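Colleague: Shown below is the structure under consideration.
Bear in mind that the values in this text are calculations on the coordinates, not laboratory data. None of these values were measured; they are calculated from a predicted model. All Cβ positions, even for glycine, are placed from backbone atoms using ideal geometry, and neighbour counts span all protein chains on display.
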């Protein structure tokens with residue numbers, strides 16, 4: 001699949017639930033969230049069928065997201081079936097990490113079970129190492145569980161583990177160096193991500209928004225000039241640098257301030273309620289659940305995917321007074 005602007009689509013981010021056990025201010029900033037009823041969420045069988053169709057059209061990488069994907073019942077069985085989809089050779093999960101160390105009846109941690117199901121990359125949200133700050137950002141006092149979950153992921157032997165830190169002015173600026181040291185001690189990649197106005201537009205106020213360039217300057221005042229690594233990629237939009245005197249890499253994702261951010265986009269998003277979104281920062285979404293449940297053939301579904309790709313915008317709308325339509329938790333992280 002290739003759109004009008006030369007983007008080749010090989011990556012599908014799949015949300016399997018809108019539910020989450022945390023309440024992060026930039027994702028779901030209201031305590032009272034109206035969850036989707038079960039009948040409005042794609043079944044595992046429907047999701048697997050759509051992944052298979054996407055794979056037949058050239059998608060090779062799938063990342064499972066939520067909400068918090070590990071809160072959905074029988075999720076490990078789903079991952080075991082996902083690895084059998086022909087053409088999918090790279091499976092990842094984005095998680096808050098709180099449930100990775102949980103053990104099942106067979107004694108395995110969730111992280112171990114995911115690795116046995118051929119999941120090869122894990123992204124964990126970690127905005128701070130301060131317990132009180134973590135609770136303030138996420139609405140939950142779960143930092144010990146997250147750190148235990150990261151250790152469980154390391155012990156499970158995933159080839160790639162990335163930590164994602166959202167840049168928040170006045171909230172976690174003093175945590176950037178400690179997070180780098182934490183990642184270095186565990187040989188993990190840490191990425192710093194600009195706030196995006198997905199759930200609320202007020203995140204872009206001067207009181208909240210911290211651009212990656214400013215964060216990078218702050219880090220260089222501590223570590224010295226960061227060393228660009230333009231040849232290093234991890235299937236995403238991150239720009240990577242090495243810390244001077246170390247082999248450690250850190251990444252920066254600047255959706256708002258990087259004017260070339262969309263040039264290498266290779267992804268579509270499938271929401272848990274059956275919408276295909278060709279771009280996170282666009283209102284465009286197309287209801288494939290409706291045609292799927294109306295009896296669409298595989299050929300019909302392939303045409304649907306191709307039509308969506310044809311409508312993929314050249315770049316996101318975040319800089320154009322974008323007003324959120326629904327919470328990030330309902331779109332998929």
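Colleague: Among 224-232, 123-131, how do they line up by average Cβ neighbours within 10 Å per residue, starting with the highest?
Modeller: The packing order, highest mean first, is 123-131, 224-232.
Colleague: Which angle between 0 and 90 degrees, to the nearest 10, do you get for helix 176-185 versus the longest principal axis of the chain when only C-alpha atoms count?
Modeller: Roughly 80 degrees, rounded to the nearest 10.
Colleague: Using a Förster distance of 51 Å, how high is the FRET efficiency between residue 185 and residue 38, based on the Cβ-Cβ distance and rounded to 0.05?
Modeller: 0.75
Colleague: If I histogram all Cα-Cα distances within region 15-172 using bins 5 Å wide from 0, what percent of pairs lands in each bin?
Modeller: Percent of pairs per bin, in order: 2, 9, 17, 21, 19, 16, 11, 4, 1, 0.
Colleague: Full extension from residue 105 to residue 74: what is 0.36 nm times the residue separation minus their Cα-Cα distance, to one decimal in nm?
Modeller: Between residue 105 and residue 74, full extension yields 9.8 nm more.
Colleague: What's the Kirkwood radius of region 11-331 in Å, using all Cα pairs?
Modeller: Computed over Cα pairs of region 11-331, the Kirkwood hydrodynamic radius comes out at 20.2 Å.
Colleague: Once you have the Cα-Cα distance between residue 89 and residue 290, take 0.36 nm times their residue separation minus that, and quote the gain in nm to one decimal.
Modeller: Full extension of this stretch gives 69.5 nm more.
Colleague: When the chain is treated as a GNM, springs tying every alpha-carbon pair under 10 Å, which of 134, 182, 11 comes out with the largest mean-square fluctuation?
Modeller: 182
Colleague: Label-point separation (nm) for residue 207 and residue 221, each offset 7 Å from Cα along Cα-to-Cβ?
Modeller: 2.3
Colleague: Here is a follow-up. I'd like the orientation of helix 298-310 relative to the chain: the angle between its Cα long axis and the longest Cα principal axis, in ° from 0 to 90, rounded to 10.
Modeller: For helix 298-310, the angle is close to 40 degrees.
Colleague: Order of 106-117, 288-299, 39-50 by packing, highest average Cβ count within 10 Å first?
Modeller: Sorting 106-117, 288-299, 39-50 by mean packing, highest first, produces 106-117, 39-50, 288-299.
Colleague: Let me ask something else. Give me the percent relative contact order of region 61-142, please, defined on Cα pairs under 8 angstrom at least 6 residues apart.
Modeller: Normalised by residue count, the contact order of region 61-142 is 30 percent.
Colleague: Same structure, new question: How much length is gained on full extension from residue 233 to residue 155, taking 0.36 nm per residue of separation minus their Cα-Cα distance?
Modeller: Result: 25.7 nm gained on full extension.
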